[in-house]
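Here the structure is laid out as structure tokens; the discussion comes afterwards.
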Amino acid sequence: MKVLLALLIGIGIALGLQAQSTKKMTITIDDLPMVTLEEDDSMRLQMNLDLLSHLSEYEVPAIGFVNEKKLFNNDGQLVPIRKQMLIEWMEAGFELGNHTYSHPDYNALESEAFFEEVMKGEVITRPLVHHYNQELKYFRHPYLHRGNTPEKVEVLENFLSEKGYIEAPVTIDNSEWIFARAYELALRRNQRLMASRIGDAYVDYMLDKTNYYESNAQELFGRDISQTLLIHDNFLNAAYLGRLLRALSQSGYEFISLKEALEDPAYDSEDTTSLRAGITWLHRWAITKKVDKSFFQGEPSCPQFVQDYAGITE
Ligand SMILES: [Zn+2]
């Protein structure tokens, strides 16, 4: 009897684990190389390596989206150590994508000027990824702005597809960048306790956000979908990404590539939105489907103390 019970428990655990591992997430990291107030490039390089070590430890097939302007100094000279940061991404086996040259807001630009930004944004990255036998395939919109009129959305879609780019959506949008600003300010002020309080709150907040978007997916599709998380290349993730990845993995997430995530048919959902705001694709699909307003309720917000410390209102 005991053996049977143990067997049943064993099967139960196995089934439970199997059910859990259906949750999938791709990790996309924007604004390479590094969003930081730090001017010391060797420090930036070290932070970038720290962030990569978390991705390697949890075997995350991540993609980083580059703003090539960040590779140059104010005199327009290429800073080799900043290019080295991208080389480290490739050496560690990760992917790179295009996030435009200087991170402009498409709402504020004519389409032609934006297209120039896209092309200028691949000058260094494209040969670099080719050197590692990869292709430059993915494009991420700055501020997640896809166009604030139907015409602008359409011409950009056409342009990107002509150039062979695949748009990289985001389902788990968040205010991680506010935490990142607060965290770095705390480090610079040598307020270690505050820095760790912000870091702890960041991990909790990201788990809450993940739960929220999971329930959005359940409501919209009746199942879990392959989620796409957006975070940035910053000091906060250099320190806390490992903890976040561990927590996500403990809650049943398997980390997959962007390519694999996009194979989820959820990403073929119709999106007829043309908005000024940059929002999650889950909400674009929901707006297109004309869901009830209650769908959007309950989104976790950035804790007030983090907003106050960063001096940024969410
Ligand atoms: Zn960005």
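The values are calculated or read from the model by the stated rules, or taken from the named source; none is laboratory data. On a predicted model such as this, the values are computed, not experimentally measured, just so you know. Using ideal geometry, Cβ is built from the backbone for each residue, glycine included, and neighbour counts are taken over all protein chains shown.
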Reported set for the range 89-104 where residues are exposed (fewer than 15 other Cβ atoms within 10 Å of the Cβ) and within 16 Å of the ligand (Cβ to nearest atom) is Ser102
When the range 180-227 is checked residue by residue, the ones that are surrounded by 16 or more Cβ atoms within 10 Å (Cβ to Cβ), of a type in the set (Asp, Glu) and more than 17 Å from Ile27 (Cα to Cα) are Glu184
Across the range 164-179, the tally of residues that are surrounded by fewer than 21 Cβ atoms within 10 Å (Cβ to Cβ) and of a type in the set (Asp, Glu) stands at 2
Being within 30 Å of Glu157 (Cβ to Cβ), among the polar types (S, T, N, Q) and within 20 Å of the chain's Cα centre (by Cα) narrows Thr288, Thr280 down to just Thr280
(1) in contact with a strand residue (DSSP E or B) (Cβ under 8 Å, 6 or more places away or on another chain); (2) over 19 Å from Gly278 (Cβ atoms); (3) not small (Gly, Ala, Ser) all hold for Lys69 apart from (1)
When the range 146-168 is checked residue by residue, the ones that are assigned to a loop (DSSP other than H, G, I, E, B) and either under 23 Å from Arg126 (Cβ atoms) or among the charged types (D, E, K, R) (or both) are Arg146, Lys163, Gly164, Tyr165, Ala168
Exercise. When you look at Thr125, is it in contact with a Leu (Cβ under 9 Å, 6 or more places away or on another chain), polar (S, T, N, Q), free of Cβ contacts under 8 Å to residues at least 60 places away in the same chain and within 16 Å of the ligand (Cβ to nearest atom), yes or no?
Worked result: yes
Taking the range 49-73 and keeping only residues that are surrounded by 15 or more Cβ atoms within 10 Å (Cβ to Cβ), of a type outside the set (Val, Ile, Thr), away from the ligand (no atom under 16 Å from the Cβ) and within 24 Å of Pro142 (Cβ to Cβ), one is left with Leu52, Leu55, Pro61, Phe72
Given the conditions (1) part of a loop (DSSP other than H, G, I, E, B); (2) at pLDDT 95 or above, every one holds for Phe295 apart from (1)
Filtering the range 101-123 down to residues that are under 26 Å from Leu229 (Cβ atoms), in a loop (DSSP other than H, G, I, E, B) and out of contact with any strand residue (DSSP E or B) (no Cβ under 8 Å at 6 or more places or on another chain) yields Tyr101, Ser102, Pro104, Asp105
Note to self: When you check Tyr309 against the structure, is it in a helix (DSSP H, G or I), modelled with pLDDT of 95 or more, farther than 28 Å from Met85 by Cα and out of contact with any Leu (no Cβ under 7 Å at 6 or more places or on another chain), yes or no?
What the structure shows: no
Note on Gly76: of the conditions (1) farther than 24 Å from Ile256 by Cα; (2) in a helix (DSSP H, G or I); (3) more than 16 Å from the ligand (Cβ to nearest atom); (4) not aliphatic (A, V, I, L, M), unmet is (2)
Answer yes if at least one residue in the range 17-26 is in a helix (DSSP H, G or I), buried (at least 18 other Cβ atoms within 10 Å of the Cβ), touching a residue at least 60 places away in the same chain (Cβ under 8 Å) and away from the ligand (no atom under 16 Å from the Cβ), and no otherwise. no
The residue that is farthest from the ligand (Cβ to nearest atom), considering only those in the range 230-283 that are buried (at least 19 other Cβ atoms within 10 Å of the Cβ) and part of a strand (DSSP E or B), is Tyr253
Log entry, pairs with first residue in the range 29-45 being touching a residue at least 12 places away in the same chain (Cβ under 8 Å) and polar (S, T, N, Q), second being in a loop (DSSP other than H, G, I, E, B) and more than 10 Å from the ligand (Cβ to nearest atom), beta carbons closer than 9 Å, six or more apart or on different chains, reads Thr36/Asn234
